[in-house]
Amino acid sequence: MNEPLRAEPASDLTYFAFAASATTPASLATSAAATAASDLPEVLAGRYLIERLLGVGGMGAVYRARDLLREQFGDPEPYIAVKTLSDEFTEYPDAHALLYTEFALTARLSHRHVVRLFGFDVDALSQRAFITLELLKGPTLDQLLSERPEGLTWDELREIAVPLIEALAYSHSRGVIHGDIKPSNVILAEDGLRLFDYGLGQPLEGVLKNLPRLSRNRFKAWTTRYAAPELLDGGEPSAASDMYALGCLLYEMASGRHPFRRLSAKQAKALALDKELQRPPHLAHGWLTLQAALAFDADQRTASLTQLLNIFRRPAPSRLQRWFGRAHG
Ligand SMILES: Nc1ncnc2c1ncn2[C@@H]1O[C@H](COP(=O)(O)OP(=O)(O)O)[C@@H](O)[C@H]1O
Ligand SMILES: [Mg+2]
């Protein structure tokens, strides 16, 4: 490739993990780019022409690419996203298996609010494994939240919460635990919300039985402020740990603030911050359920996705209802 790959400017529709603002120091952008796939060939598997870096997360680097085969057949939209592991992860002996597991989990899912997967491949020459996905255009939820420090209105909140909970409930119904629900793994795409990045996901017992069960703990890739306490103690991701992360996200959207001052669940538990949790103003009816979703103890996390869906499917509460909610805590 003639030019080194760069993240797109922050003004572009897609949000980039390390190019969050125009003020990102050049050194930071450079070092983050260095953790992307530095020796990535220009064309993968003789078919996917890498155009530019879209974003890097805890484990992967995602690029915009052109599918030359589609282009050859005159497809006017041959653009796709290619996800490969960042350099530090390709060092692991089971790196391919790690990416394949993400592929296999996502491949079980076909839902309008879950990212659409195309394939898994290994570039023979470079021995790089990669996943091909639909190219999503739009900001991540992370970006929206950083622009809305006061939180979202009820209508905005339900516009995001409903498809997000639907996507998660569908994933669970297919035996797939997401494992890493957080704002940077949700894109508000032009044609609707998408949940993506099942890289820390886990199949439920009995699902995808022949896949190697990789312990994600050694990668320490979790964003601790959305990780349930049992994950931080070395536990496996579960429907309950997804619920905790979702609870944090819903609270953050509703109030503009992380429920526990952006602390990890273990720190928050030690400080008993659950006792001080303040109800976001327009969450009168859902408050008890949201509190249950945020319980530190997995056994106490009794909220269900169906309950949450019912809460967020309601129309905006009237002023009077809000007053009642306040009166009844
Ligand atoms: N299909 C996609 N289309 C456009 N951008 C994407 C797509 N998938 C991921 N990205 C961008 O790349 C970033 C990292 O992707 P992600 O799958 O979350 O990697 P990681 O597993 O390292 O967290 C995302 O936060 C997002 O900005
Ligand atoms: Mg991610």
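Computed from backbone phi, the HN-Hα couplings of the stretch 235-250 come to x, 7, x, 8, 4, 5, 6, 4, 5, 4, 4, 4, x, 4, 5, 5 Hz, rounded to whole numbers (Karplus: 6.51 cos²θ - 1.76 cosθ + 1.60, θ = phi - 60°; Gly and Pro given as x). The convex hull built on the alpha-carbon positions of the stretch 186-300 has an orientation-averaged projected area of 8.9 nm². Using the Karplus relation 6.51 cos²θ - 1.76 cosθ + 1.60 with θ = phi - 60°, the per-residue 3J(HN,Hα) values for the stretch 185-190 come to 9, 10, 10, 8, 6, 3 Hz, with x marking Gly and Pro. Couplings 3J(HN,Hα) for the stretch 79-90, derived from phi with the Karplus relation 6.51 cos²θ - 1.76 cosθ + 1.60 (θ = phi - 60°), are 8, 9, 10, 10, 10, 10, 6, 6, 3, 5, 7, 5 Hz, where x marks Gly and Pro. Annotation: the residues D39, D297, D180, sorted from fewest to most other C-beta atoms within 10 Å of their own C-beta, follow the order D39, D297, D180. For I177, the amide hydrogen comes within under 5 Å of the amide hydrogens of Q202, L204, counting only partners 5 or more places away or on other chains and with H modelled in the peptide plane.
Exposure proxy check: K83, K275, K182, K269 ranked by fewest other beta carbons within 10 Å? Can you show the working numbers first?
Values: K83 28, K275 6, K182 23, K269 16.
Arranged by neighbour count, lowest to highest, K83, K275, K182, K269 become K275, K269, K182, K83.
Only Cα pairs under 8 Å and 6+ residues apart enter the sum, and on that basis the relative contact order of the stretch 141-319 stands at 26 percent. Distance from the C-alpha centroid of the stretch 125-154 to that of the stretch 257-274: 25 Å, rounded to the whole angstrom.
Shown here for the stretch 35-102: GluC sites (Glu not before Pro) in loop regions (DSSP other than H, G, I, E, B) with at most 13 other Cβ atoms within 10 Å, namely E42, E91.
Under the combined filter of DSSP loop state and at most 13 neighbouring Cβ atoms within 10 Å, the stretch 121-200 retains these GluC sites (Glu not before Pro): E150, E190. Residue pairs exceeding 27 angstrom between C-alpha atoms, taken from K137/K269; K137/K182; K182/K269; K83/K137; K182/K275; K83/K209: K137/K269. Annotation: amide H-H contacts under 5 Å for G60 (H modelled 1.01 Å from N, sequence separation of 5 or more, or interchain): S86. Each of L136, L49 was scored by other Cβ atoms within 10 Å of its Cβ. Listed from fewest to most, they are L49, L136.
None of the figures in this text is laboratory data; all of them are computed from the coordinates on show. Not measured: the values here are computed from a predicted model. Note that we place each Cβ from the backbone using ideal geometry, even for glycine, and neighbour counts take in every protein chain shown.
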